[in-house]
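All remarks here apply to the structure that follows.
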Amino acid sequence: MTTRTPLSARRLVKTYGTTGVPTTALAGVDLTVTPGESVAVMGPSGSGKTTLLHCLAGVLTPTQGEVLWAGQDLAGLPDAARTALRRTDFGFVFQSGQLLPELPAEENAALPLMLGGTPRESAVETARRWLDFLGLAGMASRRPGELSGGQAQRVAIARALVGSPGVVFADEPTGALDQQTGHDVLRVLTDATRATGAALVVVTHDPQVARWCERTVQMQDGRIVAEHRREHTSADRASLR
């Protein structure tokens, strides 16, 4: 299991373009995500929210500033080390799921473990337990084409959680789903991360998605311009369901 530690961004700047006037995607962002916390990052298209997620996850290297995880600045790590970190310490759920169509659900979910060197049998056994936990008992051998959109996203959630990550990043995880299916996926995602103690960072433009998270930060023009914390009571969680 990954050590639980805060994920901190300090003075993040990200610009694109090497000639002429560069495009600024992040203009000095400070953000700390504590262990077990769920944070929604909202903002219009072009506000920098996806760039922020990619910098936090070590997918992009900031132009300036630092992203600290477990005492390390991700920007200072070699590419191979950042790739390994994304396989072990971080989990990812994308809008389209990005499952491999030729693999059954159990192997799609087990991929991070197998890529990290875990024997297939052990990795698949762990993946099956996650699939069962997420309501997919009996579907481990189905391929993505044999699953509904919501079921496929649950497989993607299982893949994100199979390695016991410290942080799960979700980029518009319900964007390709209808409202009810999206509601079910968010319930599964937030319940599962809460159960494991993983932090959750969700990028979304939808206030209904943001309601599932404890904190919402609003971005505009590459900056965080507002922040709202929401304490979910038992009644609140029941109403979201």
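Results, tabulated for the structure shown:
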read-out: Dipole axis of the chain (+1 Lys, Arg; -1 Asp, Glu on Cβ), positive-most option in G116, P6, A152; value: P6
read-out: Given charges at beta-carbon only (K, R positive; D, E negative), |dipole| of the chain in Debye; value: 220
read-out: Computed [θ] at 222 nm, deg cm²/dmol, the chain (DSSP H ≥ 4; -39,500 (n - 2.57); rounded to nearest 500); value: -10500 deg cm²/dmol
read-out: Label-to-label distance, nm, for residues given as R129 and T32 (7 Å Cα→Cβ offset); value: 3.3
read-out: Listed residues L161, V217, A140: farthest to the positive end of the dipole of the chain (Cβ charges); value: V217
read-out: Cβ charges +1 (Lys, Arg) and -1 (Asp, Glu), total dipole of region 126-226, debye; value: 340
read-out: Two-site FRET efficiency, Q180 against T15, from Cβ-Cβ distance with R₀ of 51 Å, rounded to 0.05; value: 0.80
read-out: P(r) of the chain over all Cα-Cα pairs, binned every 10 Å from zero, in whole percent; value: 8, 32, 36, 20, 4, 0
read-out: Label-point separation in nm, M114 to A81, each point 7 Å along Cα→Cβ; value: 2.9
read-out: Rounded accessible area per residue of region 1-158, 1.4 Å, Å²; value: 47
read-out: Share of carbon and sulfur in the accessible heavy-atom surface of the chain [1.4 Å probe, %]; value: 50
read-out: Q220/Q98 FRET efficiency (R0 25 Å; Cβ-Cβ; nearest 0.05); value: 0.30
read-out: Ranked packing of 58-67, 166-175, most packed first, by mean Cβ within 10 Å; value: 166-175, 58-67
read-out: Region 125-240: Rg to Rh, with Rh as the Kirkwood radius over Cα pairs; value: 0.98
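The values are calculated or read from the model by the stated rules, or taken from the named source; none is laboratory data. As the structure is a prediction and not an experimental result, all values here were calculated from the model. Using ideal geometry, Cβ is built from the backbone for each residue, glycine included, and neighbour counts are taken over all protein chains shown. With ligands, DNA and RNA removed, areas are computed over all heavy atoms of the protein, side chains included. Shrake-Rupley method; radii C 1.70, N 1.55, O 1.52, S 1.80 Å.
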